[in-house]
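Here the structure comes first, spelled out in structure tokens, and everything after it is commentary.
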């Protein structure tokens with residue numbers, strides 16, 4: 001009876017060894033494929049979140065410009081008027097036109 005139990009135990013150990021090898025090989029391939037697909041789908045998630053963040057930022061800038069349009073327009077008009085006035089020979093307060101003899105230099 002002891003010999004039959006020993007042979008049964010040996011065969012059970014051999015089948016468990018083979019099952020363990022196949023399970024190890026399966027685990028290795030499963031981990032590699034899981035890592036590859038996680039990386040692949042993570043890249044898509046990253047690109048999606050990136051575009052969502054860029055759109056959110058542009059929307060924030062658009063809201064800022066829309067809400068402050070009047071102030072920006074007034075500042076732009078004042079800058080345009082200043083450049084136009086000085087380019088036509090006008091002087092701003094505190095500046096004197098330089099002249100040599102009777103000719104105006106600037």
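Can you tell me which of 57, 31, 12 is surrounded by 10 or more Cβ atoms within 10 Å (Cβ to Cβ), more than 32 Å from the chain's Cα centre (by Cα), in a helix (DSSP H, G or I) and modelled with pLDDT of 85 or more?
12
Could you tell me which of the residues 50, 70 is in a helix (DSSP H, G or I) and exposed (fewer than 10 other Cβ atoms within 10 Å of the Cβ)?
Checking each option against the conditions leaves just 70.
The values are calculated or read from the model by the stated rules, or taken from the named source; none is laboratory data. None of the values given here were measured: they were computed from a predicted structure. Don't worry about glycine lacking a Cβ; one is built from the backbone with ideal geometry, like all the others, and counts go over all protein chains shown.
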